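**Student:** Pasting in a structure now, in structure tokens, and then I'll have a few things to ask.
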Amino acid sequence: MPSDITVNGRTYHWMKRPLVVVCIDGCQYEYLTAAVAAGAAPFLGRLLAGAGTSLIADCVMPSFTNPNNLSIVTGVPPAVHGICGNYFFDPERGEEVMMNDPRFLRVETILAAFSKAGAKVAVITAKDKLRKLLGHQMRGICFSSEKADQVTMAENGIENVLGLVGMPVPSVYSAALSEFVFVAGVKLMQRERPDLTYLSTTDYIQHKAAPGTPAANEFYAMIDRNLAQLDALGARIVVTADHGMNAKHGADGQPNVIYLQDTLDAWLGKGKARVILPITDPYVVHHGALGSFALAYLPADADQRAIAEQIAALPGIERVLTRAEAAAQFELPADRIGDLVVVSRLDTVIGTRREQHDLSGLDVPLRSHGGTSEQKVPLLVNGRLPQQPANRRWRNFDAFDLGLNLT
Ligand SMILES: [Zn+2]
């Protein structure tokens, strides 16, 4: 058995049995407890009842998908790995740049390090946007359900995924996109028995359905069935989430939105400041690119402190931090965030200009994430932990540490 592996300052034991780390996108803790209470998730119920370990952890800020998936697979916050959103503004080039290219990743992943040391590693994501980042420099199997019909041995380390899984390629806006990830994970465990598996779903259901609703319970029942199969196959399982999810609308069903670019245009002149929403991605139908986190780049002569206070006074804003404050408090890379970092309260989201948000795709009242309100996430293990310091602040990026070192 190879020796321990050190990645990004943390040392991990070689796996004694297969490890599966699962990132359930948008898994507010209440989805689990509600599904368990409804009798829809007996396996998770046993973990929560003490047969396993159930902790509540903090995800990284912003509470978005990519920064957190990258934190989980690197074991470090965005200040170290560099991925702090889907988008950032490159001041040198004067343009918004998508951050889904591995060249923006500043460190090695745990997956890549283990694969290079000889472990058999498999990564399955729902959306293809994460695949290249998660699979960076990794040898092994890496594919998305979104493009499961296009896999090749050269690019993905596997062929005929559709035949393996026995499902057609799901719609990118569907619960089946995540189900495909789980079913593929189980089939791979049966056929290849990877030493290390990382499964990452999509939050389509969580954006639409609150905890305890029939659609949510049905989704968690599907997850529960597949986790129980992985458990029966002898895998160590760690379940966590990239972020939580909350309702962001008023009693009338309309989203509570602060259009921050419109506001700054009114204060400073049109286009003088630039608001960046790092939630923006090519798949915006279910959230209209509205989340509880925004970056503001201000003109050089602006009084940053005064503008920060003005923004903080807007109803629905939770806090406004300067670049240095946000880099320290939220462990963010200072060179990839704005002059100001703006976080809205639980029920409020931040937009750019009103006319830039197409809300026609919102067929149900808005649920979204991005703020500190969505920072609490589950961290579950199908095994008991030795005694831990009571004051330890658990993070979702402790998942591999839990799975390899503590159980
Ligand atoms: Zn997410």
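**Student:** Please enumerate the residues belonging to the stretch 99-128 that are polar (S, T, N, Q), at pLDDT 95 or above and either assigned to a strand (DSSP E or B) or within 18 Å of the chain's Cα centre (by Cα) (or both).
**Tutor:** Thr109, Thr125, listed by residue number.
**Student:** To continue, here is another question. Looking only at the stretch 1-12, how many residues end up being in a strand (DSSP E or B) and either among the hydroxyl-bearing types (Ser, Thr, Tyr) or under 14 Å from Thr407 (Cα atoms) (or both)?
**Tutor:** 3
**Student:** Out of curiosity, is Met15 part of a loop (DSSP other than H, G, I, E, B), of a type outside the set (Ser, Thr, Tyr) and either away from the ligand (no atom under 16 Å from the Cβ) or over 20 Å from Arg336 (Cα atoms) (or both)?
**Tutor:** When the stated conditions are applied, Met15 passes them.
**Student:** If you don't mind, another one. Name the residues in the stretch 170-201 that are free of Cβ contacts under 8 Å to residues at least 60 places away in the same chain, part of a loop (DSSP other than H, G, I, E, B) and crowded, with 18+ Cβ neighbours inside 10 Å, would you?
**Tutor:** Answer for the stretch 170-201, where residues must be free of Cβ contacts under 8 Å to residues at least 60 places away in the same chain, part of a loop (DSSP other than H, G, I, E, B) and crowded, with 18+ Cβ neighbours inside 10 Å: Pro170, Ala175.
**Student:** Considering only residues of the stretch 34-62 that are within 16 Å of the ligand (Cβ to nearest atom) and either of a type in the set (A, V, I, L, M) or out of contact with any strand residue (DSSP E or B) (no Cβ under 7 Å at 6 or more places or on another chain) (or both), which is farthest from His207 (Cα to Cα)?
**Tutor:** Top of the filtered list is Ala57.
**Student:** Another question, then. Which residues, counting only those in the stretch 198-214, are hydroxyl-bearing (Ser, Thr, Tyr) and farther than 14 Å from Ile24 by Cα?
**Tutor:** Residue satisfying the conditions is Thr213 alone.
**Student:** Separate question: Among the residues of the stretch 217-243, write down those that are within 18 Å of the chain's Cα centre (by Cα) and small (Gly, Ala, Ser).
**Tutor:** The one that is within 18 Å of the chain's Cα centre (by Cα) and small (Gly, Ala, Ser): Ala241.
**Student:** Condition first: outside any loop (DSSP other than H, G, I, E, B) and closer than 17 Å to Ala327 by Cα. Now tell me which residues in the stretch 71-86 satisfy that.
**Tutor:** Selection gives Ser71, Pro78, Ala79, Val80, His81.
**Student:** Read through the list (1) modelled with pLDDT under 95; (2) away from the ligand (no atom under 16 Å from the Cβ); (3) not small (Gly, Ala, Ser), then give the number of the only condition that Tyr173 fails.
**Tutor:** (2)
**Student:** Mind checking whether some residue in the stretch 84-91 is under 23 Å from Ser373 (Cα atoms), surrounded by fewer than 24 Cβ atoms within 10 Å (Cβ to Cβ) and aromatic (Phe, Trp, Tyr)?
**Tutor:** Checked the stretch 84-91: at least one residue is under 23 Å from Ser373 (Cα atoms), surrounded by fewer than 24 Cβ atoms within 10 Å (Cβ to Cβ) and aromatic (Phe, Trp, Tyr).
**Student:** Only one of Arg384, Arg395 is in contact with an Asp or Glu (Cβ under 7 Å, 6 or more places away or on another chain), under 27 Å from Tyr198 (Cβ atoms) and touching a residue at least 60 places away in the same chain (Cβ under 8 Å); which?
**Tutor:** The conditions single out Arg395.
**Student:** Do any strands (runs of 3 or more DSSP E) lying entirely in the stretch 228-329 carry at least 2 residues that are in contact (Cβ under 8 Å) with a residue 60 or more places away in the chain and either away from the ligand (no atom under 16 Å from the Cβ) or under 23 Å from Arg395 (Cα atoms) (or both), and which ones are they?
**Tutor:** 236-240, 257-259, 274-276, 293-297
**Student:** From (1) touching a Ser or Thr at 6+ places or on another chain (Cβ under 6 Å); (2) not in a loop (DSSP other than H, G, I, E, B), pick out the condition that doesn't hold for Asn217.
**Tutor:** The failed condition is (1).
**Student:** On the basis of being acidic (Asp, Glu), in a helix (DSSP H, G or I) and more than 16 Å from the ligand (Cβ to nearest atom), does Glu159 make the cut?
**Tutor:** No; evaluated as a whole, the condition is false for this residue.
The values are calculated or read from the model by the stated rules, or taken from the named source; none is laboratory data. As the structure is a computational prediction, the values presented were derived from the model and not from experiment. Cβ sites come from the backbone with ideal geometry, for glycine too, and all protein chains shown count toward neighbours.
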